[in-house]
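Presented below is the structure to which this report refers.
The values are calculated or read from the model by the stated rules, or taken from the named source; none is laboratory data. Because the structure is a prediction, the values reported are computed rather than measured. Note: ideal-geometry Cβ built from the backbone for every residue, glycine included; neighbour counts use all protein chains shown.
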């Protein structure tokens, strides 16, 4: 058996990536991360268009908690437009989680609600 050689990143490529991220405004980085968390949470609570996507409420809870913390902490820096859109998306996945759960959490105890307050 022969193992395939492990390729190491080209130092010039890594330097270019570092330079690229240095040029991206913080608001864009935060927004991008939040959208990734939101998308993953939506899939995990069953909002995916893919009928074969598996609902996983344990994973969804973790993602929603992380998203709620990020959105709450960064909202003052994001501006009204970005913060409102992220809050709306967060609320949507929080409500979808409650609907998908066979044993819904107490009001105010659902995923992310320690950061956002009760969602209804």
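Tabulated values for the structure
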item: From 56, 23, 49, 65, residue being exposed (fewer than 11 other Cβ atoms within 10 Å of the Cβ), free of Cβ contacts under 8 Å to residues at least 60 places away in the same chain and under 22 Å from residue 95 (Cβ atoms); result: 49
item: Residue satisfying condition, being at pLDDT below 95, in contact with a helix residue (DSSP H, G or I) (Cβ under 9 Å, 6 or more places away or on another chain) and at negative phi, within set 78, 86, 90, 67; result: 78
item: Qualifying residue in region 103-110 (condition: under 26 Å from residue 27 (Cα atoms), crowded, with 17+ Cβ neighbours inside 10 Å and out of contact with any strand residue (DSSP E or B) (no Cβ under 9 Å at 6 or more places or on another chain)); result: no
item: Test: residue in region 68-77 that is surrounded by fewer than 17 Cβ atoms within 10 Å (Cβ to Cβ) and part of a loop (DSSP other than H, G, I, E, B); result: no
item: Residue 86 touching a residue at least 24 places away in the same chain (Cβ under 8 Å), crowded, with 16+ Cβ neighbours inside 10 Å and within 12 Å of residue 45 (Cβ to Cβ); result: no
